[in-house]
Structures are given as structure tokens and as C-alpha cells.
1. How many of the residues making up region 196-225 are closer than 17 Å to Thr106 by Cβ and assigned to a loop (DSSP other than H, G, I, E, B)?
2. Name the strands (runs of 3 or more DSSP E) wholly inside region 99-145 in which the number of residues that are under 13 Å from the mean Cα position of the chain (by Cα), modelled with pLDDT of 90 or more and not basic (Lys, Arg) is 3 or more.
3. Exactly one condition in (1) within 16 Å of ligand 2 (Cβ to nearest atom); (2) charged (D, E, K, R); (3) within 17 Å of the chain's Cα centre (by Cα) is false for Lys237; which is it?
4. Is it true that Pro213 is assigned by TED's automatic domain parsing to the domain that holds Gly156 and either farther than 22 Å from Glu257 by Cα or away from ligand 2 (no atom under 16 Å from the Cβ) (or both)?
5. Just for region 281-335: of the residues that are over 13 Å from Arg270 (Cβ atoms) and either β-branched (Val, Ile, Thr) or not assigned by TED's automatic domain parsing to the domain that holds Asp271 (or both), which one is nearest to the chain's Cα centre (by Cα)?
6. Restricting the first residue to region 232-249 and requiring it to be free of Cβ contacts under 8 Å to residues at least 60 places away in the same chain, which pairs with a second residue that is more than 16 Å from ligand 1 (Cβ to nearest atom) meet a Cβ separation below 6 Å and a spacing of at least six or different chains?
7. Out of Glu95, Glu124, Glu99, Glu120, report the one residue that is more than 16 Å from ligand 1 (Cβ to nearest atom) and in contact with a His (Cβ under 9 Å, 6 or more places away or on another chain).
8. Based on what the data block shows, is Gln33 at pLDDT below 95, polar (S, T, N, Q) and assigned to a loop (DSSP other than H, G, I, E, B)?
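The values are calculated or read from the model by the stated rules, or taken from the named source; none is laboratory data. Predicted model only: the values in this text are computed from it and were never measured. So basically every Cβ, Gly included, is an ideal-geometry build from the backbone, and we count neighbours across all protein chains shown.
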Amino acid sequence: MPTLDLANAKPVVVPPATTEPRALPAKPSLVGQGRDELKAALAAIGIEGREARMRVSQLWGWIYQRGARTFEEMSNVSKHLRQALAEAYTLDRPEVVAEQVSQDGTRKWLMRIPPSMAGEKWHEIETVYIPTRDRGTLCISSQVGCTLTCSFCHTGTQKLVRNLTAAEIVAQVIVARDHLGDWPGQEPPEGAFVPTDGGRFVTNIVFMGMGEPLYNVENVTGALMTLLDPDGLQFSKRRVTLSTSGVVPEIGRVGAETGVALAISLHAVRDDLRDELVPLNRKYPIAELLDACRTYPAASNARRITFEYVMLKGVNDSVDDARRLVRLLKGIPAKINLIPFNPWPGSKYECSDWEQIERFSEVVFEAGYSSPVRTPRGRDILAACGQLKSETERLRAKDKAALMSKAEQDAFRAMSMVD
Ligand code: SAH
Ligand code: SF4
């Protein structure tokens with residue numbers, strides 16, 4: 001049985017294709033569409049009522065469980081309907097303009113999506129696949145850029161922002177499965193994670209790519225419906241995690257409607273510092289955010305809320321901060337993920353020293369929390385947390401050295417990646 005061999009995975013870099021403006025797609029694609037959208041698409045070609053319901057399930061089966069790329073291959077759909085579908089629609093995916101494979105097996109795809117309205121530009125979004133020994137996690141984007149300007153996050157510096165549609169969010173999963181050979185009967189690419197149980201390669205989904213999912217809550221909820229539906233992409237809600245910087249009014253609603261796991265980007269334990277790191281804190285301060293967590297409908301001791309804490313040298317990484325953190329989280333079913341800061345060109349912070357991360361983690365551990373330090377993945381291809389930004393930017397030599405230092409990589413590898 002082939003296993004994941006990170007050490008020998010080959011780095012492959014496909015340079016971005018030309019970004020010349022191009023014609024809009026002549027026909028809409030059905031890929032990524034939810035039940036209601038698909039029903040409307042069928043109604044537009046004269047199929048309604050009970051037949052439409054039946055056809056939606058049939059089409060979903062082809063698109064989401066078998067990865068169909070043509071209507072022609074839909075053998076249980078009548079020839080007449082296949083022709084009608086092909087005349088009006090496509091099964092096109094967002095175009096992948098670059099695929100990068102990190103030395104650690106992480107894969108990043110840069111995808112191009114058409115404008116959502118006349119006059120708008122084409123956009124690029126990034127999706128990252130992170131294989132570990134027991135799972136394949138896909139990190140997906142919910143927006144182009146992000147309107148929230150967290151001071152340590154590269155995505156927040158991007159000027160172009162638009163919400164992704166539900167279909168564009170779901171399509172990222174389809175593209176990843178295409179490229180991983182994750183459809184029945186396909187072969188995975190060389191060096192890829194191969195599940196030993198014969199299951200799918202993309203086992204988990206995290207909304208931790210570009211954007212704040214709860215600032216695009218309608219489309220994110222719509223996408224979740226398709227991702228979680230047993231007739232759709234069939235993900236368990238336990239394997240889907242939504243990460244938010246703290247849009248308090250939406251937290252309970254998304255939990256009640258979808259039941260997915262929650263991650264909170266906390267990063268500071270005092271409001272004055274969090275105001276600076278996560279400016280949304282000025283609107284929804286720590287106490288309100290934690291109240292929303294206490295009442296999150298989909299949390300329990302078995303399904304803990306993840307608190308993400310980026311380790312910034314001399315900023316939020318003192319032992320006193322660690323003590324305050326465990327006091328703050330008292331009574332919340334929580335786990336804490338310490339994330340070493342990932343530098344990006346022009347960032348003003350440094351990652352905490354390793355010894356300091358250990359001291360911090362010790363306090364958290366002694367308070368009864370497992371305190372995994374999240375191993376940065378895909379640093380060499382800027383695919384790690386907070387490094388996603390679709391414009392190509394050159395790293396200064398100094399930054400590059402910081403990213404690629406062998407000793408540092410070895411130290412991080414030694415730590416286990418835990419959820
Ligand atoms: N907008 C959402 C989800 C995307 S960010 C949110 O903020 O939660 C995914 C995670 O990466 C968040 O916890 C974010 O705070 C963290 N992150 C952002 N920039 C980072 C950086 N440079 N280094 C490490 N983690 C970072
Ligand atoms: Fe946006 Fe999240 Fe980055 Fe903050 S950390 S700027 S909310 S993507």
C-alpha cells in the first residue's frame with residue numbers, strides 16, 4: 001500500500017499562465033450549483049415539477065460523486081436531455097492557472113474565476129491541500145481578498161475584494177478532487193497522500209483560505225449545504241471547520257443551520273491588543289465573542305471549538321498571556337492551536353522564538369488543554385496560514401531565508417500536526 005512520503009515528494013512549480021483578459025464563458029456551468037440553482041437551470045430548459053427533483057439528484061450524483069466533465073457520460077440520463085443540457089450549460093471548472101507542490105506535499109492551486117458582473121475583472125483565488133498521515137485537508141477561500149485588515153495577515157492587504165458565490169466555493173473542492181485524482185476509478189498523482197482505508201483524498205475541509213466566511217454568510221451557508229448533503233459532496237459536518245475572526249452576530253446562526261465545527265481566530269487576550277491585531281475586535285470585543293462561543297449550538301466536549309493563536313514575538317507570546325488565555329476560556333469546550341507566525345513580504349512581525357512557544361504551550365498544557373503547535377505547511381510556496389494572496393509578489397531574500405531555513409523546518413517537522 002503506498003503511503004505518504006513527504007521527504008521525497010517532488011516540488012513542482014507550474015508558472016502562471018497569461019492573465020490576459022478573456023471572453024466571458026458563453027454558457028453557465030452547473031458545477032458547484034446547489035439544489036435550488038440546479039432546479040432553476042432545469043426549469044429554464046423546460047423541466048419542472050417531480051421530474052426536476054429527480055433530475056437534480058441524478059445530476060448531482062454525476063457532478064459531485066463521479067466528477068463528470070461531460071453531459072455525454074451521464075448514461076442514465078436520456079439522450080434528449082443530455083443534448084438539451086449541453087446546448088444550454090457546461091460542466092466547466094474554474095481554470096487552474098498554476099499548481100504548486102511543496103516539498104512537504106502541500107499543494108496550492110491558483111484558480112481564475114470569471115467576473116460576477118459586467119465591468120468587473122477576472123479574479124484569482126487560492127485553494128490549498130494539506131496531506132497528513134491520517135487525513136487530507138482542503139483549505140478553501142470564501143472571498144477574493146478580505147475587507148478585514150488583521151495586521152499580521154497577508155490576505156488583508158489585498159485591495160480587490162469580492163464575495164465568492166456558493167458555486168465558486170464548492171467548485172474549489174471539485175477542482176482539488178480533479179487534480180488529486182479523487183474520483184472513483186482515478187489514480188492519484190505521484191507523491192500524493194493515499195488514504196490507507198481506500199477512502200477519499202480530501203477528507204476534511206477548512207474555511208481558512210482567503211476571506212472572512214461570516215462576511216459572506218449566505219454563500220458560505222449555501223456552499224455548506226451542497227458540501228454536507230448526502231446526495232452532494234457527502235462531507236460529515238464533523239470534518240468541516242469554519243474559521244472566523246469573530247463576526248459575533250453570525251456565529252450562532254451558521255452553527256444552528258449547518259452544525260459545522262467552529263474555529264475562532266483569537267490571537268490576543270486583552271482588548272487593546274486584539275483591537276490592533278484583529279480590528280474587528282473594536283466592534284465585537286473579546287467578552288462578546290466568547291459569549292457567542294459559550295452558546296455555539298454545534299459545540300460539546302466531543303466537538304470542541306478551536307481557538308487559533310498566532311505566535312508573534314514580543315507581542316502576544318508572554319507566559320502571562322498564556323495564563324490569561326486559559327482563564328478566559330474556562331467553561332468553553334475548547335482546544336487551542338498555537339500557530340507560528342508565517343512571515344510575508346513587508347510583514348512587520350516576527351515569529352516567536354521556539355523556546356517561548358514551548359513555554360507558552362506548557363502553561364496551556366498544564367491547564368488541561370492539549371496544546372498542539374500547528375506545523376506550518378507549504379511555507380516554500382506561500383501556502384501557509386495568512387500567506388495567501390493571489391497577486392504574485394517577490395519575497396525579499398531575507399524573508400526567503402527565514403522561510404526556508406533547514407533547522408527551522410526540521411524543528412517544525414518534529415512537532416506533530418494536530419487538529
Ligand atoms: N478570515 C478567517 C479565516 C481565514 S484566516 C479568520 O481570520 O479566521 C485562517 C487563519 O490563519 C486565521 O486564524 C488567521 O488569523 C491565521 N493567519 C493569518 N495570517 C497569518 C500569518 N501570517 N501567520 C499565521 N497565521 C495567520
Ligand atoms: Fe481577513 Fe482572516 Fe486575514 Fe483577518 S486573518 S485579514 S479576517 S483573512
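1. The total comes to 6.
2. Once the strands (runs of 3 or more DSSP E) in region 99-145 are filtered for at least 3 residues that are under 13 Å from the mean Cα position of the chain (by Cα), modelled with pLDDT of 90 or more and not basic (Lys, Arg), what remains is 123-131, 136-139.
3. Status for Lys237: all satisfied but (1).
4. It is false that Pro213 is assigned by TED's automatic domain parsing to the domain that holds Gly156 and either farther than 22 Å from Glu257 by Cα or away from ligand 2 (no atom under 16 Å from the Cβ) (or both).
5. Thr306
6. Short answer, once both residue conditions are applied: Phe235/Leu227; Phe235/Leu228; Val248/Glu288.
7. Glu99
8. no
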